[in-house]
Amino acid sequence: MKKKRIFLYVFSAFGLAFSIIMMGQEEILIEKIKTQSSALKIISSRREQTPFQISKEDNLNTELVSLPRVSDLKNLNEHEIHHTPEIILKGASVVGRIHNNAEQLPSKRHEAMLFFKNCLEDENIAIAIRAVCLNKVYTLIPKWRIPILIEEDKISLELKELAKELF
Amino acid sequence: MKKIIGLVLFLTLSSHISAKENFGGIYLDSSIPKVQIQTLKEDFIYLYNTPETEVDSEFKTVFELTDVNGAELYNWVFNRVRYIVGQDYKRTGRNLLKKKGHVFPSTPLPDGVFEKGFHTYGAVIIMSNLGAELYLTGKNENILKGLRLNREEVYVPSPRTGIVQVGEGLFLERLLVNKEQNSEANKIKRLGTIFHEARHSDGNAEHVGFIHNVCPTGHALSGFYACESSRNGSYSLEAHALKMLLTNCHTCSIEDQTKLSASITDSLSRVVVRSHLKTEEKLLEEIEAFQRVVEFYENLFKTNPDMKKDYESELIKFQGQLSESEAQLVELRTPKIPKFLDPMPEGHFYEVLVEDSSELMEASLSR
C-alpha cells in the first residue's frame, strides 16, 4: 500500500513536471513565431524591391466591403444619379482616409497599397472608385517605394483611361 | 392711421424689391435664401480669382478658351448663367410667361428631350437649367416662354438667356466634400456643378441644350438619362473644370482631393461613345450561344418541315439577337472617340466680353 502511494506521488510529480515542460515549450514556440513574424516584417520592409505576396484576407477588409458596388448604383433613382451620387463620395472618403493615414504613418503604407490593389481589381466596385484606387497605385508606387503586382485581366481599358485622366 | 398703413406698405415693398441681388452682373432672385446667396457670391469670387493656370489642350478645346484665368472662366460662366432663382421659385401661374408669334429656328429638337428628369436629389433640387428647358418646351409648342423675375419679364429666345435654378441639394451636407460649407473643396465642387449646368445653355439643333443621353447596356447607369456621347458635353466640362480648379486648391486635404477625384472619374465615366459596354469575350460567348440555337432550329426545320410554322418566330428572334451581338462586336473593334459638338447656341442672345463681365464683378467687389 505504501509502495502504491509512493508510485502514485512519483507518477503525479512526473505528470506535473511534464505539463510544465510542455507549457514552457508552447510559450517558447509562441515567442518564436512572434519573433519570426517580426523578422519577416523587417525582412519584407527591407526587401523593398521584391513584390510581396498579396492575400485578400489581409486588413482593411471592412473598409473594402463598404465601397460602393455597381449594383448599388443601379438601385438609385433618377434624381440621385444626375450628379455624383452620395455613395460615390462616401466611398471616396474611405479611400481618402486610408491614403491619408498611410501618408502620416509609413507603417500603414503596405496595408494601404494592398487596399488600393483589392479595390481596383474588384469588378463589382463602382468604376469611379476603382479608377481613383488605380490612380493612387500609379502615383504612390514611386512615392512610397512599394512595388505591387496588379492582375491585368481585371483592369479594362476604360478603367485605365479614367485613372490616367486624374494625372 | 392711413399714414401708418402707407408706411408699412412702402417698407414691405422696399424690402421685397431690395431682396433680389445683382452680383457680378448675375441676377440672384429673392427666392434664394440669404445664406445660399452669400455662398454663391463667394464661389463666384473664388472663380474670378483663379490664377493663370496651365491646362492641357483638351481643356482649351472644350471650353474654347485660349487663356485660362479667373476673368476668362468667370466670363465663360457669365455668358451662360445670367439669372439664378431659388428652389422655392414657382415656375407656374403668374411667374410663367408665354408669348405667341415668335419665330424659332427651323432646326430639329433633340431625341428624347422630354423624357429626361430634373437634376434633383431626392425631393430637393441641386441645380437645373431652366432656360434650356423653357426654350425647348417653348420651341416644341411654338410659344416663346419666359419667367417673371421680380418685376422683370425675362423671355427665353435662346437657351443662352441663362436661367438656372439652385436648390438645397447644392448645399446639402451629405453631398459636401467636407464639413466646412465654404471650404475651397466645397467651392470647387459647387463650381463644377455650375459649369455643368452652364453648358446646358449651349448647343443647337439636335444637341441644343446638350441634353444627356441614355446610358447604354452594360453601363452602371444603363437606362438612365445620365450619359453623353460628346467630348464637350456637361459631364466632360464638369470633369475638366473640377480637375483644373483642384490643381489650384491650397487647402484641399488628401480626403478632399480623393472625393473630388471621384467626382471627376464619375463624370468622365458617363462619356460613352458606344451603344454598349460589353467586352469582346462576352460578345464572342453570346455569338457562339446564339449561333448554336440558330443552327438547331435550321436543322430542325430541314428534318421536320411541319414544325416550321410553330417555331419560325423563335428562329427569327434568335437570328435578330445574333445579328445584334455581331454588330456590337464590329462596333467594339472599330476605334471611336467622342465627337465634338458645335456649342454655338441657337436663337437670339448677346455675348458679353471678358472686359465687361470683369467690370461687373469688380463693381460688385468694390461695393
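The values are calculated or read from the model by the stated rules, or taken from the named source; none is laboratory data. Keep in mind it's a predicted model, so treat the numbers as computed, not measured. Using ideal geometry, Cβ is built from the backbone for each residue, glycine included, and neighbour counts are taken over all protein chains shown.
Do you know which residues across the stretch B:321-356 are under 27 Å from B:G25 (Cβ atoms) and of a type in the set (G, A, S)? B:G347, the sole residue that qualifies.
Set side by side, the residues B:F224, B:F210 differ, and just one is within 14 Å of chain A (Cβ to nearest Cβ), among the aromatic types (F, W, Y) and closer than 30 Å to B:G101 by Cα, which is B:F210. Residues that are assigned to a helix (DSSP H, G or I), without any contact (Cβ under 8 Å) to a residue 40 or more places away in the chain, closer than 30 Å to B:N213 by Cα and more than 13 Å from chain B (Cβ to nearest Cβ): does the stretch A:142-165 have at least one? No, the stretch A:142-165 contains no residue that is assigned to a helix (DSSP H, G or I), without any contact (Cβ under 8 Å) to a residue 40 or more places away in the chain, closer than 30 Å to B:N213 by Cα and more than 13 Å from chain B (Cβ to nearest Cβ).
If I ask for residues that are in a strand (DSSP E or B) and either modelled with pLDDT of 95 or more or more than 9 Å from chain A (Cβ to nearest Cβ) (or both), which ones from the stretch B:88-124 would you list?
Going through the stretch B:88-124, the residues in a strand (DSSP E or B) turn out to be B:96-99, B:120-121, B:124.
Passing the criteria: B:L96, B:L97, B:K98, B:K99.
Do the conditions hold for B:I45, that is, is it under 19 Å from B:E238 (Cβ atoms), out of contact with any His (no Cβ under 8 Å at 6 or more places or on another chain) and surrounded by 17 or more Cβ atoms within 10 Å (Cβ to Cβ)? Judged against the criteria, B:I45 is not a match. Kindly provide the set of residues from the stretch A:81-90 that are buried (at least 21 other Cβ atoms within 10 Å of the Cβ) and facing chain B (nearest Cβ under 7 Å), ordered by number. Listed by number, the residues that qualify are A:I81, A:H82, A:H83, A:T84, A:I88, A:L89.
In the stretch A:116-141, how many are of a type outside the set (V, I, T), at the interface with another protein chain (Cβ under 10 Å from one of its Cβ atoms) and outside any loop (DSSP other than H, G, I, E, B)?
Looking only at the stretch A:116-141, we keep the residues that are of a type outside the set (V, I, T), and these are A:116-124, A:126, A:128, A:130-131, A:133-136, A:138, A:140.
From the residues that got through so far, the ones that are at the interface with another protein chain (Cβ under 10 Å from one of its Cβ atoms) too are A:126, A:128, A:130-131, A:133-136.
Keeping just the survivors that are outside any loop (DSSP other than H, G, I, E, B) gives A:128, A:130-131, A:133-136.
The number of residues fulfilling the criteria is 7.
The strands (runs of 3 or more DSSP E) found wholly in the stretch B:127-246 and carrying at least 3 residues that are in contact with a helix residue (DSSP H, G or I) (Cβ under 8 Å, 6 or more places away or on another chain) occupy B:127-129, B:144-149, B:163-166. Write out, first by first residue and then by second, each pair whose Cβ atoms fall under 7 Å of each other, whose residues are 6+ apart or on separate chains, and whose first residue, in the stretch B:276-298, is closer than 25 Å to B:G223 by Cα while the second is loosely packed, with under 13 Cβ neighbours inside 10 Å and modelled with pLDDT of 90 or more. No pair meets every condition. Check whether at least one residue in the stretch B:146-159 is within 14 Å of chain A (Cβ to nearest Cβ), among the basic types (K, R) and surrounded by fewer than 22 Cβ atoms within 10 Å (Cβ to Cβ), and report yes or no. No, the stretch B:146-159 has no match at all.
Any residue in the stretch A:95-111 that is in a loop (DSSP other than H, G, I, E, B) and more than 10 Å from chain B (Cβ to nearest Cβ)? Yes, because at least one residue in the stretch A:95-111 is in a loop (DSSP other than H, G, I, E, B) and more than 10 Å from chain B (Cβ to nearest Cβ). Among the residues in the stretch B:147-154, are any in contact (Cβ under 8 Å) with a residue 12 or more places away in the chain, touching a Ser or Thr at 6+ places or on another chain (Cβ under 8 Å) and not hydroxyl-bearing (S, T, Y)? Among the residues of the stretch B:147-154, at least one is in contact (Cβ under 8 Å) with a residue 12 or more places away in the chain, touching a Ser or Thr at 6+ places or on another chain (Cβ under 8 Å) and not hydroxyl-bearing (S, T, Y), which makes the answer yes. For the stretch B:227-260, give me each residue that is surrounded by fewer than 24 Cβ atoms within 10 Å (Cβ to Cβ) and either facing chain A (nearest Cβ under 8 Å) or at positive phi (or both). Within the stretch B:227-260, B:K243, B:S253, B:I254, B:E255, B:Q257 meet the criteria.
Inside the stretch A:91-119, residues that are over 14 Å from the mean Cα position of the chain (by Cα) and either buried (at least 23 other Cβ atoms within 10 Å of the Cβ) or outside the structural domain of A:I141 (by TED's automatic domain parsing) (or both) make up a count of 3.
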